[in-house]
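Before any comments, here is the structure.
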Amino acid sequence: MLEKCIPKHQSLIEFSAKLDDIYTLPILSHMVIFSVLMCFDTYEVILADVSPGTRLIFFFHMIGSFTHIIFFTYICNGLVEESTNISTASYSG
């Protein structure tokens, strides 16, 4: 029985490594782009000499970008926690 589990676990480890290789750069670029957008929006809201309507548009865009990053990181954190729980449960018995 254990002999059947080993190849499955090895294939899952390989699959996980492939997923990590595929998604690392897009997720990093996603986070960097939204962080830079938030910086530009904050500049437009605080320092730029623009009309109040434009300032309001950039303020809401900044809030939307911040909310997007919060939801994205919250979901990723949940995935990491559940993955850790699975490994803990499998080795605890």
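The values are calculated or read from the model by the stated rules, or taken from the named source; none is laboratory data. What you are looking at is a predicted structure, and each value in this text was computed from that prediction instead of being measured. Neighbour counts run over all protein chains shown; Cβ positions are idealised from the backbone, glycine included.
The set of residues in segment 49-59 that are of a type outside the set (Ser, Thr, Tyr) and either closer than 15 Å to THR73 by Cα or loosely packed, with under 12 Cβ neighbours inside 10 Å (or both) comprises ASP49, PRO52, GLY53. Residues PHE34, PHE59, PHE72: which one is in contact (Cβ under 8 Å) with a residue 40 or more places away in the chain and assigned to a helix (DSSP H, G or I)? Within the list PHE34, PHE59, PHE72, the selection yields PHE72. Checked against (1) part of a loop (DSSP other than H, G, I, E, B); (2) touching a Ser or Thr at 6+ places or on another chain (Cβ under 6 Å), ALA48 meets all criteria but (2).
Okay, residues lined up against (1) within 23 Å of SER16 (Cα to Cα); (2) out of contact with any helix residue (DSSP H, G or I) (no Cβ under 6 Å at 6 or more places or on another chain):
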position	(1), (2)
VAL50	no, yes
ILE63	no, yes
ILE69	no, no
CYS76	yes, yes
VAL80	yes, yes
TYR91	yes, yes
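Selection within segment 1-54: residues that are among the hydroxyl-bearing types (Ser, Thr, Tyr) and within 18 Å of VAL80 (Cα to Cα). The member of this set that is farthest from the chain's Cα centre (by Cα) is SER16. Tell me, yes or no, whether segment 18-37 has at least one residue that is of a type in the set (Asp, Glu), loosely packed, with under 11 Cβ neighbours inside 10 Å and at pLDDT below 90. Among the residues of segment 18-37, at least one is of a type in the set (Asp, Glu), loosely packed, with under 11 Cβ neighbours inside 10 Å and at pLDDT below 90, which makes the answer yes.
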